[in-house]
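A short worksheet on the structure shown next.
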């Protein structure tokens, strides 16, 4: 049984939670987020907290219980303070800029790489740093991973795109005689 699923999720002031069947909608100061869940859990709001309860007591449902509780907690956290990921771009001539709905990257290829920014995300490109923020933690993480995959950091000089808190294991180069 899930220990995460058993704990009630505190709903902060100014945040509104609506439950419609197996659809959870959370509205806060940063925006609104809606998510559909499988019919293995039920949601209830009581005493300023969201309670996630298990419908069936089988193994597959129990496995999803804590996951769905964590998703609901992330939804509530995202509409109060947006999630944020920072990417650091290292390399000579590597640049990033935002033009309209696109992130344009110069990564040492013969062409510019253009990545469409999904709706609901705010992307800011400043001198070697790209900051991605939004209310949906999955969307923020997925877009950051997609951008990082364009030019992963290499182990010899560390050139490429890496997360702000990521540590690159460096290798020693060739030794000359």
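Quick notes on this structure:
- Between the beta carbons of residue 146 and residue 13, assuming R0 = 22 Å, the FRET efficiency works out to 0.05 to the nearest 0.05.
- Segment residue 49-residue 124, extension gain: residue separation times 0.36 nm, minus the distance between their alpha carbons: 23.6 nm
- In plain terms, the chain from residue 80 to residue 172 could stretch by 28.6 nm, reckoned as 0.36 nm per residue minus the Cα-Cα distance.
- Radius, Kirkwood style, for the chain when every pair of distinct Cα atoms is counted (Å): 18.7 Å
- Remark on the range 83-163: ratio of C-alpha radius of gyration to 2.2 N^0.38 Å is 1.02.
- Residue-averaged 222 nm ellipticity for the chain, from DSSP H runs of 4+ at -39500 (n - 2.57), nearest 500: -7000 deg cm²/dmol
- The value of relative contact order for the chain, using C-alpha pairs under 8 Å at least six residues apart, is 18 percent.
- Exposure proxy ranking, count of Cβ atoms within 10 Å, fewest first, for 35, 148: 35, 148
- Crossing angle, helix 59-80 versus the chain [Cα axis fit, 0-90 degrees, rounded to tens]: 70 degrees
- To the nearest ten degrees, helix 137-148 and the longest principal axis of the Cα atoms of the chain are 10 degrees apart.
Throughout, read-outs are computed from the coordinates displayed, never taken from laboratory work. Being a predicted model, the structure only gives us computed values, none of them experimental. A quick note on method: Cβ atoms are made from the backbone with ideal geometry, for glycine too, and the neighbour counts reach across all protein chains shown.
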